[in-house]
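Peer 1: Provided herewith is a single structure, encoded as C-alpha cells, for subsequent inquiry.
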Amino acid sequence: MDFDLSEEQRLLKESVDGLLTDAYDFEQRKKYMAEKGGWSKAVWSKLAEQGLLGLPFTESDGGFGAGGVETMIVMEALGKALVLEPYLATVVIGGGFLRHGGSAGQKAAHISGIIDGSKTFAFAQLEKNSRYDLFDVATTAKKKGAGWIIDGEKFVVLNGENADTLIVTARTAGGQRDRSGIGVFLVPGNAKGIAKKAYPTQDGLHAADITFTGVEVGADAVIGDPENGLALIERVVDEARTALCAEAVGAMDESLKTTVEYLKTRKQFGVPIGSFQTLQHRAADMFVALEQARSMSMFATMASEFDDAKERATAIAAAKVQVGKSLKFVGQQSIQLHGGIGMTMEAKIGHYFKRLTMIENTFGDTDYHLRRVTDQGGLV
C-alpha cells in the first residue's frame, strides 16, 4: 500500500504549513486567545481564502471534493501550530453532518457559509452523566405542528459561545439510553430560548454550557430521519475522532521537536543535557511513540471511509487507543525533560501537553476505546 502523498497533497501540506508559520507563533496565539470567542477571525479568513474550509465538500457544493487524507494533512498542521480556530467543530463535524445527512436545501443554506468563512458551527451533544455514549440523550425534541420544540441541557460545547449554528442531538422517542429515537437538529445559535454559559477550557479553547428552553425550530431543521439519527452521529463522530488523531500527531511532533531543541541548549555541569545518554534514550522512546501514533492515524484515515460501520468504528477506536497511549507518554516526557519550566504558562510545551490531554478525553478516552475494541474481539 502506498503511503506517499500525491503531488497535490504535498502542495496542500506546504501551503497550510506556510500559512500557519506566518500566522501563528506562541506570542500571536496569546493575542488570539484574548479575542471574542477565543480565536482569530483574521486567521479564519485566511483559512477560507486558501480553500481549506472547503476541502471536504463536493465540487457541486462549492468545495474541492477532497478526502480523508487531505483532512489529516490539515489537522496535523493545526496540531503543530496549536491552532485555536474551530476547524474541527465547523468543517469536520458541522460539514460532516451536512455532507452525510443534509438535504439539498440544508446544504444550500449552510455549506457556502462554511466555505467562505462567514459561518461557524458547534456540536451540542454531551450531557450530564452521559460520558462518551452518543446514544445517551435526555434532551427532548417534541413535535409542534410541522416543527419541533427542543428542551434540555448540553455541556462543554466547543465554539458554542459564538457559533452561528448549533447541531443538537435530541430524543424524539424512547428512553434516555435507547439507540433509536434520536434526531439531529440544526438550531440557530441565537434562537429564542437558548441560554449560554461560556468559559475557556484548559487547553485555551472556548466552550459553553447551553440550556434549551422551549426552543422552536421548523421542519427543515431536522437532518435526516428524526428517529434514527444515531448512525449518522456515529459516522460523523468517527470522522472527528480520526481528525483528532491527526491533530494529536501534529502536536506530538512539535512537542518532540521542542523538547529535543531544549535538550541541545539547556546546560548542566557545563554541557548540554542532551549529551546524557539516559535523556537521549527517553527522546528516542518519544520518537517511537510518535511514529506508532502516526501509523495508526493513517490507518484511521483509511478506515474512516469503510462502508461497514462496525469495521470502521473498531478500526478508529483502535487508532484512538494507540494515539491516546502515545500522546500521554510524549506529553509527560516533554514536561519532565523540560523540568520545572515546562509547568509554567510562559513555556509553550505545557500548552501542548494540555491540548494533548484534552484530545485524549474528547469523544472517548483510551480506556473507553480499549473496551470498544476488546468487545469486538480485536487486539491492541
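The values are calculated or read from the model by the stated rules, or taken from the named source; none is laboratory data. This one's a predicted model, so the numbers in the text were calculated from it and none came from an experiment. Cβ atoms come from the backbone with ideal geometry, glycine included; neighbour counts cover every protein chain shown.
Peer 1: Out of the stretch 303-326, which residues are acidic (D, E) and outside any loop (DSSP other than H, G, I, E, B)? Even if it seems obvious, please write down each step before you answer.
Peer 2: Looking only at the stretch 303-326, we keep the residues that are acidic (D, E), and these are 305, 307-308, 311.
Listed by number, the list holds a single entry, E311.
Peer 1: Assess whether S255 counts as being surrounded by fewer than 18 Cβ atoms within 10 Å (Cβ to Cβ) and among the hydroxyl-bearing types (S, T, Y).
Peer 2: No.
Peer 1: Can you name the residue in the stretch 102-119 that is in contact (Cβ under 8 Å) with a residue 60 or more places away in the chain and under 19 Å from the mean Cα position of the chain (by Cα) and, of all such residues, is nearest to I182 (Cα to Cα)?
Peer 2: Once the filter is applied, the top-ranked residue is I114.
A quick yes/no check of all residues on (1) small (G, A, S); (2) within 30 Å of H338 (Cβ to Cβ); (3) without any contact (Cβ under 8 Å) to a residue 24 or more places away in the chain:
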| residue | (1), (2), (3) |
| --- | --- |
| H281 | no, yes, yes |
| E291 | no, yes, yes |
| S297 | yes, yes, no |
| A309 | yes, no, no |
| A313 | yes, no, no |
| A319 | yes, yes, no |
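Peer 1: Another question about this same structure. Of all residues in the stretch 15-41, which are within 17 Å of Y199 (Cα to Cα), of a type in the set (D, E, K, R) and either touching a Cys at 6+ places or on another chain (Cβ under 9 Å) or not in a helix (DSSP H, G or I) (or both)?
Peer 2: The one that is within 17 Å of Y199 (Cα to Cα), of a type in the set (D, E, K, R) and either touching a Cys at 6+ places or on another chain (Cβ under 9 Å) or not in a helix (DSSP H, G or I) (or both): E35.
Peer 1: With the structure loaded, tell me whether A77 is in a helix (DSSP H, G or I) and either over 14 Å from the mean Cα position of the chain (by Cα) or over 23 Å from A251 (Cα atoms) (or both) or whether it fails that test.
Peer 2: It is false that A77 is in a helix (DSSP H, G or I) and either over 14 Å from the mean Cα position of the chain (by Cα) or over 23 Å from A251 (Cα atoms) (or both).
Peer 1: So which of A347, A313 is surrounded by fewer than 24 Cβ atoms within 10 Å (Cβ to Cβ), within 30 Å of N129 (Cβ to Cβ) and not polar (S, T, N, Q)?
Peer 2: A313
Peer 1: If a residue has to be assigned to a helix (DSSP H, G or I) and without any contact (Cβ under 8 Å) to a residue 40 or more places away in the chain to count, how many in the stretch 253-272 make the cut?
Peer 2: Matching residues across the stretch 253-272 total 5.
Peer 1: Here's a check for you: in the stretch 195-216, which residue that is assigned to a strand (DSSP E or B) and touching a Leu at 6+ places or on another chain (Cβ under 8 Å) is farthest from A347 (Cα to Cα)?
Peer 2: Checking each candidate, the answer is I210.
Peer 1: Of these, V74, V69, which one is crowded, with 23+ Cβ neighbours inside 10 Å and β-branched (V, I, T)?
Peer 2: V74
Peer 1: Out of all the residues in the stretch 136-161, which are without any contact (Cβ under 8 Å) to a residue 40 or more places away in the chain and in contact with a helix residue (DSSP H, G or I) (Cβ under 8 Å, 6 or more places away or on another chain)?
Peer 2: none
Peer 1: Just to be sure before I move on: is D178 surrounded by 14 or more Cβ atoms within 10 Å (Cβ to Cβ) and either among the charged types (D, E, K, R) or under 20 Å from G364 (Cβ atoms) (or both) in the structure I sent? Give the steps one after another, and end with the answer.
Peer 2: Numbers: surrounded by 14 or more Cβ atoms within 10 Å (Cβ to Cβ): yes; either among the charged types (D, E, K, R) or under 20 Å from G364 (Cβ atoms) (or both): yes.
Considered against the rule, which asks whether it is surrounded by 14 or more Cβ atoms within 10 Å (Cβ to Cβ) and either among the charged types (D, E, K, R) or under 20 Å from G364 (Cβ atoms) (or both), D178 comes out as yes.
Peer 1: Could you list, in sequence order, all residues of the stretch 327-380 that are farther than 12 Å from D203 by Cβ, acidic (D, E) and either part of a helix (DSSP H, G or I) or over 20 Å from the mean Cα position of the chain (by Cα) (or both)? Spell out the reasoning first.
Peer 2: Residues of the stretch 327-380 that are farther than 12 Å from D203 by Cβ, as a first pass: 327-330, 332-349, 363-380.
This time we only want the ones that are acidic (D, E), so: 346, 365, 367, 375.
Listed by number, the residues that qualify are E346, D367, D375.
Peer 1: May I ask you to list the residues in the stretch 103-121 that are crowded, with 23+ Cβ neighbours inside 10 Å and farther than 22 Å from Q50 by Cα?
Peer 2: Of everything in the stretch 103-121, nothing turns out to be crowded, with 23+ Cβ neighbours inside 10 Å and farther than 22 Å from Q50 by Cα.
Peer 1: Does the stretch 35-49 hold any residues that are at pLDDT below 95 and more than 19 Å from the chain's Cα centre (by Cα), and which are they? Please lay out each step first, then the result.
Peer 2: Of the stretch 35-49, the ones at pLDDT below 95 are 35-38.
Within the stretch 35-49, E35, K36 qualify.
Peer 1: Still on this model: Checking the conditions here, which among A219, A246 is surrounded by fewer than 23 Cβ atoms within 10 Å (Cβ to Cβ), of a type in the set (G, A, S) and out of contact with any Leu (no Cβ under 6 Å at 6 or more places or on another chain)?
Peer 2: Values: A246 fails: surrounded by fewer than 23 Cβ atoms within 10 Å (Cβ to Cβ).
Among A219, A246, only A219 is surrounded by fewer than 23 Cβ atoms within 10 Å (Cβ to Cβ), of a type in the set (G, A, S) and out of contact with any Leu (no Cβ under 6 Å at 6 or more places or on another chain).
Peer 1: Which one of the conditions (1) in a helix (DSSP H, G or I); (2) out of contact with any Leu (no Cβ under 6 Å at 6 or more places or on another chain); (3) under 23 Å from A219 (Cβ atoms) does L88 fail to meet, given that it meets all the rest?
Peer 2: Single failed check for L88: (3).
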